[in-house]
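Just below is one structure, and these are the notes that go with it.
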Amino acid sequence: MLLILLAYLGGVLTILSPCVLPVLPFVFARAGQPFTRSVLPLLAGMALTFALVASLAAVGGGWVVAANQWGRWIALALVALFSLTLLWPSLAERLTKPFVAVGARLTERAGHQPSVGGSLLLGVATGLLWAPCAGPILGLILTGAALEGASAQSTLLLLAYAAGAATSLAAALLLGGRVAAALKRSLGAGEWLRRGLGLAMLAGVAAIALGADTGVLAELSLASTSKLEQRLVERFSGERQPEGAMAMSGGPAMAMQGNEAMQGGAMMAMSGGSHGDAALPIEGVAPGFDGATQWLNSAPLTAAQLRGKVVLVDFWTYSCINCLRSLPYVKAWAEKYRDQGLVVIGVHAPEFAFERDIGNVTQATRSLGLSYPVAVDNEYAIWRAFKNRYWPAHYLIDAQGRLRHHHFGEGEYAETERVIQQLLRETGAAQGAQGLVEVDAKGVQQAAGDAGAVASPETYVGYQRAENFASSPKAVPDQAAAYTLPAQLPLNAWGLAGRWTVGEEKATLAAPAGRIVYRFKARDLHLVLGPDADGKPVRFKVLLDGQPPGAAHGMDVAADGSGTVTEQRLYQLIRQPGDAAGERSFSIEFLDPAVSAYAFTFG
């Protein structure tokens with residue numbers, strides 16, 4: 001029920017978002033008309049259509065996106081026709097003469113009762129055209145739908161979101177109707193209002209056709225609701241997004257399947273330790289690892305086999321920068337406490353499709369020097385069993401198979417290690433080396449810089465989760481298109497130049513000499529890249545503020561900016577000396593085609 005309320009409130013807040021501006025004229029075209037016969041059918045059609053299309057898009061793949069694009073163009077034509085009827089009623093009569101029934105609904109001349117069917121049809125068109133700015137709440141709903149698959153819950157949440165938007169639009173419409181009625185009475189301005197609405201609707205059609213609804217308006221800060229939505233998410237979930245963690249959506253954390261066992265519903269039973277240790281809570285019985293699709297470095301391990309051992313479970317994926325920076329500590333703990341009874345199990349849960357390839361995971365495990373057991377969780381069965389939501393996530397299980405501690409994200413390594421020591425003492429294990437491990441990580445695994453100085457968020461390149469895309473035209477799903485960059489980019493805006501095919505989770509270069517540009521503020525910049533299926537290396541050139549990076553080059557780039565994409569993984573492209581984190585302009589030009597870019601991360 002709380003999730004439904006949160007979704008509804010997120011929808012209500014859309015009235016404050018600039019992305020609603022292009023469709024407002026469509027809604028205000030019904031101002032001053034009977035609510036039940038005109039306004040209500042329009043808003044109902046809009047809400048139902050948006051919920052249906054969003055549900056299908058979250059789980060249906062590229063064919064749904066393509067079908068929706070055709071639907072949007074048909075809807076644009078319908079709304080443009082309706083706009084012309086407001087401007088020139090006589091033209092409307094000629095245009096709709098072959099379609100008398102439809103024409104009657106669209107024209108709605110003075111003295112006629114508004115048509116429920118016409119209002120519903122306009123609402124369906126508006127629902128196809130509406131592209132709300134994807135704030136934290138909508139991002140949570142869509143990500144949950146994509147992860148869990150089609151379900152009544154995800155559709156209900158999308159309906160609640162759409163109902164919230166319809167509520168705020170209805171309130172604005174009722175207020176606007178009263179203003180319009182007053183103007184008609186006092187100024188006799190009915191004809192001018194009607195024509196003004198027609199012009200506004202045509203402007204809205206043009207804005208949507210040019211992509212301003214998902215491009216320019218999404219970047220405006222007229223009345224951004226993201227911070228307010230984030231506060232609502234934190235209030236309803238009872239926690240903040242951990243620093244140094246990547247949520248399943250790449251956004252705020254609140255899993256669709258609930259979180260009772262691991263968080264708010266954690267058992268309050270306590271278990272006392274020895275040697276003056278503080279009591280640790282018992283968070284529940286630990287799930288097993290039965291859902292693993294494959295095991296690396298070990299035969300399959302069961303809960304029964306692990307009884308009597310202290311187990312550290314590390315959820316990770318090999319292109320996640322936060323995971324990579326925590327691995328040196330996990331490896332050090334596995335080595336230091338192995339003989340005392342600690343078993344480390346890495347659970348590799350993929351974010352991108354290429355991370356499902358067992359060959360890629362095996363290679364990454366080998367190159368990262370992981371010798372402990374790794375459970376490959378390609379179907380997210382273990383992820384769901386633990387009700388996990390983050391990469392990385394660390395869970396500690398005691399010798400009796402009970403969850404005793406968890407930590408999400410980077411950091412707090414000393415606290416986690418002390419809990420390991422305490423749980424080992426509870427087993428009566430012989431005391432080995434104490435103290436805390438010292439880690440001197442290099443390259444991409446080196447600790448992040450000052451978190452407070454990082455002002456650029458993780459950014460996805462595929463159209464499913466892309467934000468702040470500044471190129472023209474807006475992303476064309478699953479089709480090769482030529483993109484151009486604006487003269488300047490604001491902070492955290494990015495774009496493509498050249499001929500690219502933008503897919504759900506990646507953009508693939510369709511011709512040589514394509515570029516990606518990003519205006520960022522952070523010490524480090526990473527980009528997940530990969531060659532095509534044949535693995536042919538792709539050469540690239542990196543520039544920082546228009547110049548070779550020099551001392552600011554990352555471990556995968558030479559000082560002159562040159563580098564090569566040889567495998568599907570995270571590439572460190574910029575590593576500025578010290579903790580420098582000013583605003584910089586990053587550019588990468590690929591000299592060969594068929595390279596794919598997935599996501600930017602910063603540190």
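Observations, loosely collected:
- Length released on extending from Ala152 to Thr293, taking residue separation times 0.36 nm less the Cα-Cα span: 48.0 nm
- Whole-Hz Karplus values for segment 492-499 come out as 6, 8, 8, x, 10, 9, x, 9 Hz, taken residue by residue from phi with 6.51 cos²θ - 1.76 cosθ + 1.60 and θ = phi - 60°; glycine and proline positions read x.
- Summing charges over neighbours of Ala414, with a neighbour being any other residue whose Cβ is under 14 Å away from its Cβ, gives -3 when K and R count +1 and D and E count -1.
- Residues Ala510 and Glu412, FRET efficiency given R0 of 60 Å [Cβ-Cβ distance, rounded to 0.05]: 0.85
- Carbon/sulfur fraction of accessible area - segment 362-500, other protein chains in place, 1.4 Å, %: 49 percent
- Once the 1.4 Å probe is applied to the protein heavy atoms, segment 290-360 comes out at 35 Å² accessible per residue.
- Using a Förster distance of 35 Å, the FRET efficiency for Ile4-Gln488 (Cβ separation, nearest 0.05): 0.25
- Rounded FRET efficiency, nearest 0.05, which uses the C-beta distance separating Ala304 from Gln434 and R0 of 22 Å: 0.15
- Per residue, in Å², the accessible surface of segment 475-590 once ligands and nucleic acids are set aside, probe 1.4 Å: 40 Å²
- Cα gyration tensor shape for segment 390-441, rounded if a/c is under 1.5, else prolate or oblate: oblate
- Set Lys387/Lys474; Lys331/Lys387; Lys521/Lys541; Lys309/Lys506; Lys336/Lys506 screened for pairs whose C-alpha atoms are more than 31 Å apart: Lys387/Lys474; Lys309/Lys506; Lys336/Lys506
- Surrounding net charge for Thr293, when Lys and Arg each add one and Asp and Glu each subtract one, Cβ distance under 14 Å: -3
- Once the Kirkwood radius over Cα pairs is known for segment 534-578, the Stokes-Einstein relation at 10 °C and 1.306 mPa s delivers a diffusion coefficient of 147 µm²/s.
- Length added when fully stretched, Lys442-Ser168, from 0.36 nm per residue minus Cα-Cα: 93.4 nm
- Each Lys or Arg adds one and each Asp or Glu subtracts one; over the other residues with Cβ under 11 Å from the Cβ of Glu351, this totals -1.
The values are calculated or read from the model by the stated rules, or taken from the named source; none is laboratory data. Everything quoted here is computed from the prediction, not taken from an experiment. Please note: Cβ atoms are built from the backbone with ideal geometry, for glycine as well, and neighbour counts cover all protein chains shown. Heads up: the accessible areas ignore ligands, DNA and RNA and are worked out on the full protein's heavy atoms, side chains in. Shrake-Rupley method; radii C 1.70, N 1.55, O 1.52, S 1.80 Å.
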